[in-house]
Amino acid sequence: MDRKDLKNMTKEELTEELIAIGEKKFRAGQMYDWMHKKLAVSPMEMTNLSEAFRRKLCETYSYTTLEKAVMLTSKLDGTRKYLFSLADGNVIESVWMQYHHGNSVCISSQVGCRMGCTFCASTLGGLVRNLTAAEMLEQVYAIERDTGERVANVVVMGTGEPLDNYENLIRFIHMLCSEDGLNISQRNVTVSTCGLAPMLRRLADEKLAITPALSLHAPNDELRRKLMPVAKSYSINELMEAVDYYIEKTGRRMSFEYSLIQGENDTEALAGELCRLLKGRNCHVNLIPVNPVEEREYKRSQPANVLSFQKFLEKAGINVTIRREMGSDINAACGQLRRHFEEEHR
Ligand code: SAH
């Protein structure tokens with residue numbers, strides 16, 4: 001039988017677990033503090049527990065930690081791309097970025113992805129497995145340990161579809177934002193989805209203060225279906241109804257991601273369609289010049305084209321920014337670092 005992972009338990013669950021094995025309840029608080037505040041890499045570090053108990057913990061439970069397999073540092077802005085090894089030998093990517101308003105970490109939510117977006121490298125090998133909450137937390141913890149700096153913002157925009165790993169995602173958010181852990185404000189957590197409409201509604205009902213982001217990339221069903229297979233399951237109409245439900249339930253603003261692909265989704269006519277679609281909604285549009293993926297023929301839109309697309313939306317009164325590119329010298333598109341690593345080691 002798989003051993004239970006200490007780091008994956010909420011404080012309440014850990015308390016119950018300790019009571020069940022005949023330990024004192026208050027030990028849960030001490031252990032939780034070691035794991036989620038002091039970021040201990042082994043139960044052996046928990047020096048206010050007896051050595052015998054620490055050994056017992058090591059023998060009885062698993063304890064998720066990530067091993068740094070590769071790290072690339074940008075010479076331009078200090079952005080770091082990490083490739084971490086998991087206990088089962090799989091590897092995942094995470095990114096650390098420094099901004100004026102604090103450090104951000106971009107984490108993966110799955111090993112691989114099954115959504116099949118045609119411009120994305122993360123999905124090329126399909127889904128391998130979901131990440132546990134502990135494996136998501138540990139990406140943030142490992143980066144805090146490695147950089148020696150606090151993380152202020154967490155964006156769930158690495159490999160994987162977070163709403164396709166729903167239970168673990170929700171557990172992760174609660175633990176990440178807990179006063180007993182890193183205590184990151186929910187407002188500083190962004191969750192991006194390719195648009196699983198029913199799951200977005202479910203997320204609305206959690207009444208979290210997180211920032212939701214929807215990867216739109218096209219203003220009509222025909223084009224969106226060409227770019228994103230998930231659009232065959234949910235129409236833009238259904239999605240927008242889920243978006244309105246989310247905004248109404250939570251009072252939060254929706255971010256729309258729009259990756260600009262030359263000649264595909266960057267024309268003025270499509271900008272016009274996008275304006276009509278978003279008009280009147282409490283939202284923000286993030287324009288991202290697409291990162292070319294070797295296996296695909298897509299090219300990024302010309303800078304002048306990106307600017308005119310932005311201007312067009314601005315004129316219609318829509319909040320819009322162009323995503324500032326971080327670490328462009330190490331900017332293998334999402335999922336490519338992992339792909340290269342696996343090809344080399346096969
Ligand atoms: N599955 C989630 C989160 C991961 S992808 C989602 O789809 O939102 C994070 C963002 O990067 C998404 O908006 C995704 O569409 C976009 N993206 C993926 N590959 C890209 C590429 N090659 N260039 C630009 N954006 C890309």
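The values are calculated or read from the model by the stated rules, or taken from the named source; none is laboratory data. On a predicted model such as this, the values are computed, not experimentally measured, just so you know. Here the Cβ is made from the backbone with ideal geometry for all residues, glycine too, and neighbour counts use every protein chain on show. Just the protein is used for accessible areas: all its heavy atoms, side chains included, with ligands, DNA and RNA removed. Shrake-Rupley method; radii C 1.70, N 1.55, O 1.52, S 1.80 Å.
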(1) more than 24 Å from the chain's Cα centre (by Cα); (2) touching a residue at least 12 places away in the same chain (Cβ under 8 Å); (3) under 30 Å from GLY89 (Cβ atoms) all hold for GLU13 apart from (2)
Residue pairs within 6 Å by beta carbon, gap of at least six or interchain, first lying in the stretch 108-123 and more than 20 Å from VAL95 (Cα to Cα), second open to solvent by 30 Å² or more (accessible area, probe 1.4 Å), listed first then second, are ARG114/LEU127; GLY116/PRO229
Reported set for the stretch 84-106 where residues are under 26 Å from ARG3 (Cβ atoms) and not in a strand (DSSP E or B) is LEU86, ALA87, ASP88, GLY89, ASN90
Filter the stretch 127-151 for residues that are farther than 22 Å from GLY327 by Cα and open to solvent by 20 Å² or more (accessible area, probe 1.4 Å); the one that is nearest to the ligand (Cβ to nearest atom) is LEU127
Scanning the stretch 168-201 for residues that are polar (S, T, N, Q) and surrounded by fewer than 21 Cβ atoms within 10 Å (Cβ to Cβ), the one nearest to the ligand (Cβ to nearest atom) turns out to be THR190
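Do we find that LEU307 is open to solvent by 80 Å² or more (accessible area, probe 1.4 Å) and more than 18 Å from the chain's Cα centre (by Cα) in this structure? Walk me through it before giving the result.
Details: open to solvent by 80 Å² or more (accessible area, probe 1.4 Å): yes; more than 18 Å from the chain's Cα centre (by Cα): yes.
Answer is yes for this residue.
I'd like the residue in the stretch 46-75 that is part of a loop (DSSP other than H, G, I, E, B) and in contact (Cβ under 8 Å) with a residue 40 or more places away in the chain and, out of all such residues, is nearest to ARG338 (Cα to Cα).
Taking the stretch 46-75 as the starting set, the residues that turn out to be part of a loop (DSSP other than H, G, I, E, B) are 46-50, 61, 63-66, 74-75.
Narrowing the set further to residues that are in contact (Cβ under 8 Å) with a residue 40 or more places away in the chain leaves 61, 63-66, 74-75.
Details: TYR61: 29, TYR63: 24, THR64: 20, THR65: 18, LEU66: 15, SER74: 17, LYS75: 21 Å.
Only one residue fits best here, namely LEU66.
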Exercise for review: Might you check whether a residue that is under 17 Å from CYS120 (Cβ atoms) and either out of contact with any Cys (no Cβ under 9 Å at 6 or more places or on another chain) or not hydroxyl-bearing (Ser, Thr, Tyr) (or both) occurs anywhere in the stretch 302-322?
Suggested key: no
Of the residues in the stretch 202-228, those that are within 15 Å of the ligand (Cβ to nearest atom) and either open to solvent by 50 Å² or more (accessible area, probe 1.4 Å) or among the charged types (D, E, K, R) (or both) come to ARG224, ARG225, LYS226
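Considering only the stretch 215-240, state which residues are acidic (Asp, Glu) and touching an Asp or Glu at 6+ places or on another chain (Cβ under 8 Å). Working first, answer last.
Residues of the stretch 215-240 acidic (Asp, Glu): 221-222, 238.
The answer is none; no residue qualifies.
Which one is nearest to the chain's Cα centre (by Cα), of the residues in the stretch 235-270 that are farther than 28 Å from ILE210 by Cα and crowded, with 17+ Cβ neighbours inside 10 Å?
Within the stretch 235-270, the first condition is being farther than 28 Å from ILE210 by Cα, and the residues that meet it are 261-270.
Add one more test, that the residue is crowded, with 17+ Cβ neighbours inside 10 Å, and what stays is 261, 264-266, 270.
Working: ILE261: 22, GLU264: 26, ASN265: 24, ASP266: 26, LEU270: 28 Å.
Restricting to residues being farther than 28 Å from ILE210 by Cα and crowded, with 17+ Cβ neighbours inside 10 Å, the top hit is ILE261.
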Counting only residues that are touching a Gly at 6+ places or on another chain (Cβ under 9 Å) and open to solvent by 70 Å² or more (accessible area, probe 1.4 Å), the stretch 1-56 contains a total of 1
